[in-house]
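Some notes on the structure that comes next.
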Amino acid sequence: MNLEVGMIVEGKVTGITKFGAFVDLEGGKTGMVHISEVAPTYVSDIKDFLTEGQTVKVKVISIGEDGKISLSIKKAVPQQRKSAPQQGRGSAGTPRQPAPPRPGNFEWQPPRKTEPSSFEDMLSKFKQTSDEKMSDLKRMENKRGGYSRRGNSQKP
């Protein structure tokens with residue numbers, strides 16, 4: 001099978017480095033997935049998303065003159081649209097399919113909002129945070145041998 005740019009094929013992860021992963025493709029060819037092409041989110045450790053021996057779908061990004069094959073996992077998975085015509089419905093009014101799982105089976109979760117509901121709650125939270133910071137500062141001042149409250153002399 002001849003590989004062409006834009007093709008989506010399956011391969012097996014054969015090696016993982018800190019900068020990417022090597023994937024064996026059909027026909028005995030090997031390509032590399034750069035760490036920036038593993039997932040649509042920031043990847044600090046590629047081992048959080050891939051393991052050796054794992055079968056992955058990849059998209060061929062480029063094939064160099066020297067035969068090097070650049071691959072992408074994140075481009076092989078169809079991207080969700082930014083805005084859907086109707087919530088829970090596809091463009092033809094049919095139920096929308098759930099998004100495919102991300103590499104490594106991690107699900108994105110929106111940040112939880114823990115904002116207080118009233119002004120009094122916000123004021124109480126601010127006072128509590130302020131008191132904690134002041135006690136930390138006082139503790140640090142005492143540890144460093146800062147000025148005492150009785151006078152401006154250093155502790156012995």
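Readers should treat all values here as calculations from the given coordinates under stated rules, not as data from a laboratory. Every value quoted in this text rests on a predicted model; they were computed, and no experiment measured them. Please note: Cβ atoms are built from the backbone with ideal geometry, for glycine as well, and neighbour counts cover all protein chains shown.
Computed quantities for the displayed model
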quantity: Contour excess over end-to-end distance, with Cα ends at Ile63 and Gln128 and 0.36 nm allotted per residue; calculated: 17.5 nm
quantity: Listed pairs Lys47/Lys125; Lys47/Lys133; Lys29/Lys74 exceeding 28 Å between Cα atoms; calculated: Lys47/Lys125; Lys47/Lys133
quantity: Sequence ranges 124-133, 52-61, 67-76, ranked by mean other-Cβ count within 10 angstrom, highest first; calculated: 67-76, 52-61, 124-133
quantity: Residues of type aspartates and glutamates that Lys143 reaches as a straight line, Cα spacing below 20 Å, ignoring anything fewer than 8 places off in the same chain; calculated: Asp131, Glu132
quantity: Gain on full stretching of the segment that runs from Glu52 to Thr30 - 0.36 nm per residue minus C-alpha separation; calculated: 6.5 nm
